[in-house]
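Below is one structure, written out as structure tokens; the observations come after it.
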Amino acid sequence: MAMAASEIERLIKASIPDAEVTIRDLAGDSDHYAARVVAGSFEGMSRIKQHQAVYSALGGRVGGELHALQLETAVPQPETNK
Amino acid sequence: MTEAQTRIADLVKSNDVVLFMKGTPLFPQCGFSSRAIAILERLGAPYETVDVLQDPEIRAGIKDFSDWPTIPQLYVKGEFVGGSDIMMEMFESGELQQLLGADA
């Protein structure tokens, strides 16, 4: 079963309001996505906890309705001198 | 603890490095499992695998065990490390090499 990228983004933001979400449809089939989620609220959380927060935002859809979500999480980096 | 949870706990305890995956190292049945195997092979450290497709009880139970919805899942010295995305990040940063004591 497939899911729209906009729906994934909406669900993640509903539960992690400060998240910046970038989604790519990897195979063009609305079933294999890559998501990058950057959120200040991830600060101090282990990678596992960060990923779990995203999975939990998606309410059990990952691994079921949503076959594959390649996931990358990060804390926003302070502006560096360019 | 259910029987599946006990079996998983035993597997994780008795193997230093164990990957729960779909398929076998030679014939992974999913792109994510295949990626996880590629990383472990690159590191060259010994590892065990459990094919969840051959064991529906473990396939269902492993998701509760770690509160993690997807497979593959890597455990090192009894600790849940993550899925293939985290493995890749840790491989690229050198953390996984350190964790496994590999010098690859």
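Each value in this text was obtained by applying a stated rule to the coordinates, not by laboratory testing. Just so it is clear, the model here is predicted, and its values are computed rather than measured. All Cβ positions, even for glycine, are placed from backbone atoms using ideal geometry, and neighbour counts span all protein chains on display.
Helix A:47-57 and the long axis of chain A differ in direction by around 50°, with both axes built from C-alpha atoms. Build a GNM of chain B with springs between Cα atoms under 10 Å apart, and of B:Ile58, B:Ile37, B:Ile86 the one that fluctuates most is B:Ile86.
Separation of the stretch B:45-66 from the stretch A:1-34 is 27 Å, based on Cα centroids.
Relative to the longest principal axis of the Cα atoms of chain A, helix A:5-15 runs at roughly 50 degrees.
As an exercise, take the mean of 1/r over every pair of distinct alpha carbons in the protein assembly as shown, invert it, and state the Kirkwood radius in angstroms. Write down the numbers at each step before the final one.
Values: mean 1/r = 0.0579 Å⁻¹.
Here the Kirkwood hydrodynamic radius works out to 17.3 Å.
Number of Lys-Lys pairs in the protein assembly as shown with C-alpha atoms under 18 Å apart and a separation of 8 or more places or on different chains: 5. Based on the Kirkwood approach, the hydrodynamic radius assigned to the stretch B:3-100 is 13.2 Å, with every pair of different Cα atoms included.
Note on A:Asp31 and A:Lys13: the extension gain reaches 4.5 nm, defined as 0.36 nm multiplied by sequence separation minus the Cα-Cα distance. Can you tell me which of B:Leu43, B:Leu26, B:Leu11 moves the most in a GNM of chain B? Springs connect C-alpha atoms under 10 Å apart. Checking each option, the largest mean-square fluctuation is seen for B:Leu26.
With runs of 4+ DSSP H residues as the only contributors, calculate the mean residue ellipticity of chain B at 222 nm using -39,500 (n - 2.57) per run, divided by the residue total and rounded to the nearest 500.
On the way: 5 runs with 52 residues, N = 104.
Calculated from helices alone, the mean residue ellipticity at 222 nm is -15000 deg cm²/dmol.
Between 0 and 90 degrees, the angle of helix B:31-43 with respect to the longest Cα principal axis of chain B falls at about 50 degrees. Note on the stretch A:20-82: dipole from Cβ charges, positive end direction compared against A:Val54, A:Gln77, A:Gly64; the farthest Cα belongs to A:Gln77. For B:Val81, nonlocal amide neighbours, meaning residues 5 or more places apart or on other chains whose placed amide H falls under 5 Å from its own, are B:Leu74, B:Tyr75, B:Val76.
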